[in-house]
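Before any comments, here is the structure.
The values are calculated or read from the model by the stated rules, or taken from the named source; none is laboratory data. All values reported here derive from a predicted model rather than from experimental measurement. We place every Cβ from the backbone using ideal geometry, glycine too, and count neighbours over all the protein chains shown. The area values use the complete protein model at the heavy-atom level, side chains included, leaving out ligands, DNA and RNA. Shrake-Rupley method; radii C 1.70, N 1.55, O 1.52, S 1.80 Å.
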Amino acid sequence: MTWASRLRLLFGVVLVLVLAALATYKLNENRGRATSTSAQIVGQEIAVGAPYAGIVLDRPVKVGDQVHKGDTLFTIDSATLTQARSQGAGQVPDATVVDKAGHLVVQAAEDGTVTQLQAQPGSFVQAGGQLGTVQRAGSLTVEAQYTLTPKEYARVSKQEPVTIVLPDQRTVVGSVDQMRVTTVNGKAQAVVDVTSPGLASGAGDGMVTAGTPVVAQLQLRNDGVVTTVADKVRTYVQGLIG
């Protein structure tokens, strides 16, 4: 065998080993992730109610408006409240005040975004009836559903990242906040709440908003030999390139 043949053989063996290593690494990476069966961005909703029955006089907000704590949402003319106050009663709950004209003013309890408005000016509302809904500021999370095998479920960790893929394929990195699990046919049906600083309302050219469908890729804990070696190589390369 000539030296040229030996070099070609050596090159072929090295190439096969490299390809096998890459294939093994890719397979390990794929097995180290769980992809949501469904996921969407959700926000915490605050119901706005009417403590007294009456007629809605004014509603200075519309759906989509940003409001701050104490902003007026509704002004209600309530004969019930007027009668109660004439008898020395008529206490109003938090986030409501009585103006100089004796009208009930319903205010925003917290900073947020108006998402629903049921009551219209001129309409009559019952005591305890819902007037609208405000989404609490900074409350956006991702609610993701997964179907996991027992082995996959055992590898779920709050320390591992979750990659949130927006509809335009941009990504946001988050982490597991809470998880609720039921077992169906030997598999874990998991509902995972994912939080992230990147889930700011209106971010991503308006895509980061409640109701937006996303894909959530949950990184599973993997302590195998391939993962350990890959992590060391990745750390070494990152150190070289700064």
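When you look at GLU152, is it outside any loop (DSSP other than H, G, I, E, B), touching a residue at least 24 places away in the same chain (Cβ under 8 Å) and under 18 Å from GLY32 (Cβ atoms), yes or no? Criteria met by GLU152.
Within segment 95-107, can you find the residues that are assigned to a loop (DSSP other than H, G, I, E, B) and exposed (fewer than 15 other Cβ atoms within 10 Å of the Cβ)? Write out each step before concluding.
First, the residues of segment 95-107 that are assigned to a loop (DSSP other than H, G, I, E, B): 95, 99-103.
Listed by number, the residues that qualify are ASP99, LYS100, ALA101, GLY102.
Can you pull out every residue in segment 60-82 that is part of a helix (DSSP H, G or I) and either open to solvent by 50 Å² or more (accessible area, probe 1.4 Å) or of a type in the set (D, E, K, R) (or both)? Passing the criteria: ALA79, THR80, THR82. If we scan segment 52-59, do we find a residue that is open to solvent by less than 80 Å² (accessible area, probe 1.4 Å) and either at pLDDT below 85 or under 29 Å from the mean Cα position of the chain (by Cα) (or both)? So far as segment 52-59 goes, no, none of its residues is open to solvent by less than 80 Å² (accessible area, probe 1.4 Å) and either at pLDDT below 85 or under 29 Å from the mean Cα position of the chain (by Cα) (or both).
The requirement of being under 18 Å from GLY129 (Cα atoms), in contact (Cβ under 8 Å) with a residue 12 or more places away in the chain, surrounded by 19 or more Cβ atoms within 10 Å (Cβ to Cβ) and not basic (Lys, Arg) is fulfilled nowhere in segment 83-94; no residue meets it.
When segment 145-164 is filtered for residues that are of a type in the set (D, E, K, R), in contact with a strand residue (DSSP E or B) (Cβ under 8 Å, 6 or more places away or on another chain) and surrounded by fewer than 18 Cβ atoms within 10 Å (Cβ to Cβ), the ones remaining, listed by number, are LYS158, GLU160.
If the condition is being open to solvent by less than 20 Å² (accessible area, probe 1.4 Å), among the β-branched types (Val, Ile, Thr) and under 22 Å from the mean Cα position of the chain (by Cα), then segment 123-144 contributes THR133, VAL134, VAL142. When segment 165-174 is filtered for residues that are surrounded by fewer than 18 Cβ atoms within 10 Å (Cβ to Cβ), assigned to a strand (DSSP E or B) and of a type outside the set (A, V, I, L, M, F, W, C), only THR171 remains.
Does segment 175-193 include one or more residues that are outside any strand (DSSP E or B) and at pLDDT 90 or above? There is no residue in segment 175-193 that is outside any strand (DSSP E or B) and at pLDDT 90 or above. Any residue at all in segment 220-234 that's open to solvent by less than 80 Å² (accessible area, probe 1.4 Å), over 30 Å from ASP111 (Cα atoms) and modelled with pLDDT of 90 or more? Looking through segment 220-234, none of the residues is open to solvent by less than 80 Å² (accessible area, probe 1.4 Å), over 30 Å from ASP111 (Cα atoms) and modelled with pLDDT of 90 or more.
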